[in-house]
Amino acid sequence: MKTEDLKKLLSEMSLEEKVMQLVQLPGSEFEADAAVTGLSERQSSDKAKSLVGSILGVWGAEKAIALQKRYIENHPHHIPLLLMLDVIHGHKTVFPCPLGQGATFDTEVARKGAEIQAKEASAEGVHVTFSPMADLVRDARWGRVVESCGEDKFLNGKMISAMVEGYQGDSLLDKEHVASCVKHFAAYGGADAGRDYNNVELSEHTLREQYLPAYEEGIKAGARLVMTSFNTLNGIPSSGNKWLMRDILRDEMGFDGVLISDWAAIAEMVKWGFAKDNAEASDLAMKAGVDIDMCTDCYSGSIEKLIADGKLSVELLDEAVMRVLTLKNDLGLFEDPYRGASVEKSKEVLLSRENREVARDAVQKSLVLLTNKENALPLSEKKIAFIGPYVDEKKIHSSWAISCDPEDNVTIKDAVCEYYGLTASSANNENGESAGDDISPKTDLDSSDKTVCIHKSASGAQVIFAKGCNMLPNGTDLGYGVYKTDDAENDKLIKEALWVAEWADEIVLCLGEEIGQSGESTSRVDITLPKPQMELFEVVSKLEKKLVTLILNGRPLDLKDIPEKSSAVLLCWRPGTEGGHGIMDVLTGKVSPSGKLPMSFPWSVGQEPLHYDHYNTGRPKPSEGASIFSSRYLDCPNEARYPFGFGLTYSSFEVSEVRLSKETLKSDGDSISASVTLKNTGKCEATETLQLYIRDMVGSRVRPVKELKGFEKVTLLPGESKEVSFEIKEDMLRFFTINNRFESEPGKFTVYIGTDSSTENGAEFELV
Ligand code: BGC
């Protein structure tokens, strides 16, 4: 449809029709007899349903086609519906959670993953995904760090723009793509005390330098929607923040797409104490430029009256409606309201072999090796015990992979059986060979309590699986039902684990957060592994055998003594559908791990929020000697236990000193080349990620001790070397100065190139 035709359509619509274009209802409202708490009768009425502009949470080709057909037939102007869904890290084929994708430092992983998600979701009738989440995260207590690409603005920005490009492709008329929604604008990740939905108190320069860039990258990449955030920013809720939404988002960043509220965020301005009622909240949101009200009856119940009372203008309403109609038009919905939805196409693309392969590759690249004493990994022994609640756990995606069917996920046990050629029946306890006399149990476990058995592979490897302990302590309440387990059963599992561990030469402990421990509304003040798992670890680690600990996590954790007492620790994040395969590929050495931490791992939760790009302070803690009256903790190091950017491979690398092409940089398009030679000094092929950091030594506002400005992944064979160069230009040195604008300041800078953010491998230049 041409713009004139859209305008004509708009002019023919009734006021009610227009308002309802700005309303989104949950799909559950369209299911027979469904009633969603919080929605008024007015909003759930058949009339509202026949006029509502968009729906959230419906997928499935048949369902989507039927819904659209019924809707268009009933709509006075036959305007098609928009179907939106949270496709965050996978629709059916689920990729590593965004934090895991951040660990790949690989924009192609993000792009290809998003492309596949779009392909699968569009075949199931989805038009818009509420992804990517561009929130900068520095506080591991906040559960939503799992949905972000980490603590660094530069890495975030690169991953976010790749995701937007992957979802949207070159044109939204291409039915295998979906429109992307960058969220949650703005600074949602800075929640006070890491508690979800909380206030965010930020100076303007930190907001602009640290928090806004990743959203902006998503907008520059063409994201068609932006979502407001739940938090207040310096006391003002985002959905009513005119400065943030109109001045910054629309005017400065040039965003002209659809701005949607987060779920009930407009109505929540009343609870915040920012608006006296829903009508006032709607007025504020409309004036701030929020086009769609997600899942409340604020807009549907107030806008007409606000206009009748002369508080809101029809022009403002028309502006918002036009943006929604334009998005529908750009998606080609007026010409083809069913767009990519197709049962046949769904069969062809959902969980296809190609999609799974891409997901497996992403898992391989996302795993981060924290420690590997005496080359404990790759696995080498023949008697291996896989122990822990994650050995055979299907829920290895995150709580935000909402359309994922856990049955499609490859567990660690599935992948182990496949690798060793154990058939499903031989891996079945009843049919496998009994451990019997092969094992000399040193525990008081009654032999009738043994539920495990040894599986022998054709290659002679012997494998045993045991659950080891319960995932969570009995009585844990994550908000959707109390986790009920039997403590006696847990004791039995631990005894069995010990018995199994004693038999083995090599133990792989599969531990982690439960799926519901990260995601929305899952802030934690204790970021350790659940108690039964720590008990299991204690018992097994006492045996002092080769112990490889795998951790499936949605956030940085306080790892307690796990790294000291393990031979190797491999972080696996929430790996998704191909989790088991990707993990086994790394455990067996098919590929070397190459992931790098996208967030600093603390020694203690007390260090949070923790990030590498902090200020030096006027009393930096000396690296050695007395540190009284310095900026320090009495009981904990200042530094991260594992810094941002850290991750080992199965090889070793040497980075030469930094060489600069010259020592002064002019600000007129000049550039300096900073290079190093990277050498693989180990025994296998591996991929290292070189990271470029810069420190501005003196600024009109103090500058971080380091800021990531570039990265490059390099794969080298043993003995091979490569020269790697980064180009440094003046625009990379700009920051929000005392003049309240982005500009660079002449003076000295240090360039660091290394394999993580703690590198001291630097050289100096001067900007003149
Ligand atoms: C979340 C958003 C999500 C929306 C729709 C909200 O609770 O904060 O990230 O997109 O729900 O599901």
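Cα centroid separation, segment 197-227 to segment 460-484: 38 Å.
So what's the projected area for segment 646-768, the Cα convex hull averaged over all directions, in nm²?
7.3
Taking every full run of DSSP H in the chain, the ones that stretch at least 18 Å from end to end by Cα along their long axis and average -0.5 or higher on the Kyte-Doolittle scale are 153-168, 314-330.
Distance from the alpha carbon centroid of segment 314-378 to that of segment 545-623 works out to 27 angstrom.
Taking a ≥ b ≥ c as the square roots of the eigenvalues of the Cα gyration tensor, segment 115-172 is classed as oblate, since a/c reaches at least 1.5 and a/b does not exceed b/c.
Calculated over the chain, the projected area of the Cα convex hull averaged across directions stands at 35.1 nm². Take segment 298-375, compute every pairwise Cα distance, and split them into 5 Å bins from 0; I just need the percent in each bin. Distribution as computed: 3, 11, 9, 9, 9, 10, 10, 8, 8, 8, 7, 4, 2, 1, 1, 0 percent. Take each peptide in 761-767, 550-556, count the other Cβ atoms within 10 Å of every residue, and average; sorted highest first, the result is 550-556, 761-767. Which shape class applies to segment 515-639: rounded if a/c is under 1.5, otherwise prolate when a/b exceeds b/c and oblate if not, where a ≥ b ≥ c are the square roots of the Cα gyration tensor eigenvalues? Since a/c reaches 1.5 and a/b is larger than b/c, the shape of segment 515-639 is classed as prolate.
Using only Cα atoms, locate the centre of segment 628-683 and the centre of segment 279-303, then give the distance between them in Å, rounded to an integer. About 48 Å separates the Cα centre of segment 628-683 from the one of segment 279-303. Using a probe of 1.4 Å on the protein chains alone, the accessible area found for residue 681 is around 60 Å². Protection proxy ranking of 398-405, 744-751, 593-600, by the mean of other Cβ atoms within 10 Å over each peptide's residues and highest first, is 593-600, 398-405, 744-751. Take the chain with all the other protein chains still there, run a 1.4 Å probe, and you get 38 Å² of accessible area per residue.
Measuring nothing but how far apart in sequence close Cα pairs (under 8 Å, 6+ apart) lie, relative to its length, segment 586-661 scores a relative contact order of 45 percent. Atom-type composition of the exposed protein surface of the chain places 48 percent of the accessible area on carbon and sulfur (1.4 angstrom probe). Look at the alpha carbon pairs under 8 Å that are at least 6 residues apart: their mean separation over the length of the chain gives a relative contact order of 13 percent. Looking at segment 73-229, the DSSP beta bridges with both ends there are about 10 percent antiparallel. Counting only residues at least eight positions apart within a chain, or on another chain, the lysines with an alpha carbon under 16 Å from that of residue 560 are 531, 542.
Which shape class applies to segment 1-151: rounded if a/c is under 1.5, otherwise prolate when a/b exceeds b/c and oblate if not, where a ≥ b ≥ c are the square roots of the Cα gyration tensor eigenvalues? Prolate.
For q = 0.14, 0.22, 0.24 Å⁻¹, what log10 I(q)/I(0) does segment 135-232 give under the Debye formula with an equal point scatterer on each alpha carbon and no solvent? Taking Cα atoms of segment 135-232 as identical point scatterers yields -0.50, -1.08, -1.22. Highest mean packing first, where packing is the average number of other Cβ atoms within 10 Å per residue, the peptides 308-318, 20-30 line up as 20-30, 308-318.
With contacts taken as Cα pairs under 8 Å at a separation of at least 6 residues, segment 528-614 carries a relative contact order of 27 percent.
At 222 nm, what value in deg cm²/dmol follows for the chain if DSSP H runs of at least 4 each add -39500 (n - 2.57) and the sum is divided by all its residues, to the nearest 500?
On the way: 20 runs with 205 residues, N = 768.
Helices in the chain give a 222 nm mean residue ellipticity of -8000 deg cm²/dmol.
If one puts a single equal scatterer on every Cα of segment 595-708 and applies the Debye formula without solvent, what log₁₀ I(q)/I(0) results at q = 0.10 Å⁻¹? Ignoring solvent entirely, the Cα scatterers give -0.45.
The values are calculated or read from the model by the stated rules, or taken from the named source; none is laboratory data. Quick caveat, the model's predicted, so the values are computed rather than measured. All Cβ positions, glycine included, derive from the backbone under ideal geometry; neighbour counts span all protein chains shown. For the accessible areas, the whole protein counts, side chains as well, though only heavy atoms, and no ligand, DNA or RNA atoms are used. Shrake-Rupley method; radii C 1.70, N 1.55, O 1.52, S 1.80 Å.
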